[in-house]
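A.B. asks: I'd like to ask some things about the structure below.
The values are calculated or read from the model by the stated rules, or taken from the named source; none is laboratory data. Keep in mind the model is a prediction, meaning the values are calculated, not measured. Because the Cβ atoms are built from the backbone with ideal geometry, glycine has one as well, and the counts that use them run over all protein chains shown. The protein model used for the area step is the full one, side chains on, heavy atoms only, and it has no ligands, DNA or RNA in it. Shrake-Rupley method; radii C 1.70, N 1.55, O 1.52, S 1.80 Å.
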Amino acid sequence: MFADIGTVTRTVRAPADLEGLSGIVLPGGESTTLSMLLSSSGLFEPLGERLGAGLPVFGTCAGMVLLAAEVLDGRPDQRSFGLLDCVVRRNGYGRQRWSFEALVAAPKVSAELGMDDRPMPGVFIRAPAVVSVGPRAEVLATLPQKGVEAPQPVVCRQGAVLASVFHPELTGDRRLHRLFARMTAAHAGT
Ligand code: GLN
């Protein structure tokens, strides 16, 4: 997805790989496993330092769990960088069989990119649910819910932290990738 929009990427597996980045993606998967691998690879502390210093980060699904200030239904030993002022519940939409696709509303993202707005397709795979959003985080996209008045937040941003509960890489919609690329360009220019 990033190659499609002209952004150069590489894989980060060890602390030395953090050198020279203008942004990092924490992908989907299992936040418990990611947390363990971040610790065993020695990445957790140096990455946490860089994120704390403002390195732009885009967390998707499990990656969002790793960024949230508070995680419900996690393993007691799972770690989070705690950089996003929100509470998430792991697997908050239910187990694998309750995974689903839905259109979300992301007018702020379209507006920021100067694009005509249209619904954004979301692929929700054992996705975390955003239970609450604190004053420091901004909601960028919501999932309309049948019978519920308040749509549920599904994309949030706080400074250089962007996070989505769904997998934006599994659709053809590159708006969130473009938004993140802008965030990294802004950082690279600082
Ligand atoms: N349920 C997973 C977790 O809590 C996230 C699933 C995903 O990333 N698709 O880590």
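A.B. asks: When the range 158-176 is examined, which residues are found to be within 20 Å of Leu103 (Cβ to Cβ) and either open to solvent by 10 Å² or more (accessible area, probe 1.4 Å) or not in a helix (DSSP H, G or I) (or both)? Don't jump to the end; show me each part of the working.
C.D. replies: Kept after step one, since they are within 20 Å of Leu103 (Cβ to Cβ), are these residues of the range 158-176: 162-176.
Hits for the range 158-176 are Leu162, Ala163, Ser164, Val165, Phe166, His167, Glu169, Leu170, Thr171, Gly172, Asp173, Arg174.
A.B. asks: While we're on this one: Suppose we filter the range 132-157 for residues that are in contact with a helix residue (DSSP H, G or I) (Cβ under 9 Å, 6 or more places away or on another chain) and either without any contact (Cβ under 8 Å) to a residue 24 or more places away in the chain or surrounded by fewer than 18 Cβ atoms within 10 Å (Cβ to Cβ) (or both); how many remain?
C.D. replies: Selection size over the range 132-157: 3.
A.B. asks: Need pairs with beta-carbon distance below 6 Å; first residue more than 22 Å from Arg126 (Cβ to Cβ) and within the range 28-55, second within 13 Å of the ligand (Cβ to nearest atom); sequence gap 6+ or separate chains.
C.D. replies: Phe44/Leu38
A.B. asks: Checking Ser80 against (1) small (Gly, Ala, Ser); (2) under 17 Å from Arg175 (Cβ atoms); (3) open to solvent by 30 Å² or more (accessible area, probe 1.4 Å); (4) in contact with a helix residue (DSSP H, G or I) (Cβ under 6 Å, 6 or more places away or on another chain), which single condition isn't satisfied?
C.D. replies: Just one mismatch for Ser80, condition (2).
A.B. asks: Out of everything in the range 118-131 that is within 16 Å of the ligand (Cβ to nearest atom) and open to solvent by 30 Å² or more (accessible area, probe 1.4 Å), what residue ends up being farthest from Glu70 (Cα to Cα)? Steps first, please.
C.D. replies: From the range 118-131, those within 16 Å of the ligand (Cβ to nearest atom) are 121-131; that's our starting set.
Filter once more, so that each one left must be open to solvent by 30 Å² or more (accessible area, probe 1.4 Å): 121, 125-126, 131.
Values: Pro121: 26, Ile125: 20, Arg126: 18, Val131: 10 Å.
Top of the filtered list is Pro121.
A.B. asks: Does Val109 qualify as being out of contact with any helix residue (DSSP H, G or I) (no Cβ under 6 Å at 6 or more places or on another chain) and either within 23 Å of Thr32 (Cβ to Cβ) or aliphatic (A, V, I, L, M) (or both)?
C.D. replies: Considered against the rule, which asks whether it is out of contact with any helix residue (DSSP H, G or I) (no Cβ under 6 Å at 6 or more places or on another chain) and either within 23 Å of Thr32 (Cβ to Cβ) or aliphatic (A, V, I, L, M) (or both), Val109 comes out as no.
A.B. asks: Looking at Gly82, Gly94, can you tell me which residue is more than 14 Å from the ligand (Cβ to nearest atom) and under 19 Å from Gly29 (Cα atoms)?
C.D. replies: Only one candidate passes the filter, namely Gly82.
A.B. asks: For the condition under 16 Å from Gln158 (Cα atoms) and in a loop (DSSP other than H, G, I, E, B), what is the one hit in Arg118, Arg136?
C.D. replies: Unique residue meeting the criteria: Arg136.
A.B. asks: Moving to a separate point now. From the set of residues in the range 4-48 that are among the polar types (S, T, N, Q) and within 21 Å of Val65 (Cβ to Cβ), which is surrounded by the most Cβ atoms within 10 Å (Cβ to Cβ)?
C.D. replies: Ser31
A.B. asks: Mind listing whichever residues of the range 49-70 are open to solvent by 10 Å² or more (accessible area, probe 1.4 Å), within 16 Å of the ligand (Cβ to nearest atom) and either part of a helix (DSSP H, G or I) or charged (D, E, K, R) (or both)?
C.D. replies: Within the range 49-70, just Glu70 meets the criteria.
A.B. asks: Only residues that are in a helix (DSSP H, G or I) and more than 8 Å from the ligand (Cβ to nearest atom): list them for the range 34-48, please. Break it down into steps so the answer makes sense when it comes.
C.D. replies: Applying the first criterion (in a helix (DSSP H, G or I)) to the range 34-48 yields 34-40, 44-48.
Correct list: Ser35, Met36, Leu37, Leu38, Ser39, Ser40, Phe44, Glu45, Pro46, Leu47, Gly48.
A.B. asks: In addition: Kindly list the number of the only condition in (1) at pLDDT 95 or above; (2) open to solvent by 40 Å² or more (accessible area, probe 1.4 Å); (3) under 24 Å from Ser31 (Cβ atoms) that fails for Val87.
C.D. replies: The one condition Val87 does not meet is (2).
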